[in-house]
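The values are calculated or read from the model by the stated rules, or taken from the named source; none is laboratory data. All of these numbers come straight from a predicted model, not from anything done at the bench. No Cβ is skipped: glycine too gets one built from the backbone with ideal geometry, and neighbour counts run over all protein chains shown.
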Amino acid sequence: MRTRLIAGAIASGALLVAGCGSDSGGGSSQPVTAASGDVAITIKNIQFDPKTIAVKVGQKITWTNEDGIAHNVTAQEGADFKSDDLNKGQTFSFTPEKAGTIKYVCTIHPGQNGEITVES
């Protein structure tokens, strides 16, 4: 009886984990809109997630590296910021002060990019 309960718990947990992933394309394709509060972006699997966000002027955005390799966050258009290289668990934050579109990349990994729409 105990073995069946443990097996059932393991199977239930596996189903929950399987349902929590994202598609293999990585990163969100639709912009995630944050109405208020701080905004979190995860760096994982050499991608920013969500890849595209919409925020208000003054909302703090924090990137957290969850990969086992270093990344950085570097504005290419619409703002001027560049993080140090972030190792696993390290963060970088930026607070936009004007409306517009910010395009950013990881200069270590070509093709790793994101976009922020800042609304007033």
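Of note:
- Against the criterion of being of a type in the set (S, T, N, Q), under 13 Å from the mean Cα position of the chain (by Cα), modelled with pLDDT of 95 or more and at negative phi, T117 does not qualify.
- Filter pass, A40 being over 16 Å from S120 (Cβ atoms), part of a strand (DSSP E or B), at pLDDT 95 or above and small (G, A, S): yes
- Residue among A35, A99 that is of a type in the set (A, V, I, L, M, F, W, C), surrounded by fewer than 16 Cβ atoms within 10 Å (Cβ to Cβ) and modelled with pLDDT under 95: A35
- Of the residues making up segment 102-113, just one is buried (at least 20 other Cβ atoms within 10 Å of the Cβ), within 14 Å of K44 (Cβ to Cβ) and out of contact with any Cys (no Cβ under 9 Å at 6 or more places or on another chain), namely C106.
- Against the criterion of being surrounded by 11 or more Cβ atoms within 10 Å (Cβ to Cβ) and either modelled with pLDDT of 95 or more or not aromatic (F, W, Y) (or both), A11 does not qualify.
- Residue among V73, V32, V39 that is closer than 12 Å to V118 by Cβ, out of contact with any Gly (no Cβ under 7 Å at 6 or more places or on another chain) and touching a residue at least 12 places away in the same chain (Cβ under 8 Å): V39
- In segment 49-70, the residue that is farthest from N113 (Cα to Cα) out of those that are hydrophobic (A, V, I, L, M, F, W, C) and assigned to a loop (DSSP other than H, G, I, E, B) is V57.
- Residue count for segment 44-63 under the criterion of being among the aromatic types (F, W, Y) and in contact (Cβ under 8 Å) with a residue 60 or more places away in the chain: the result is 1.
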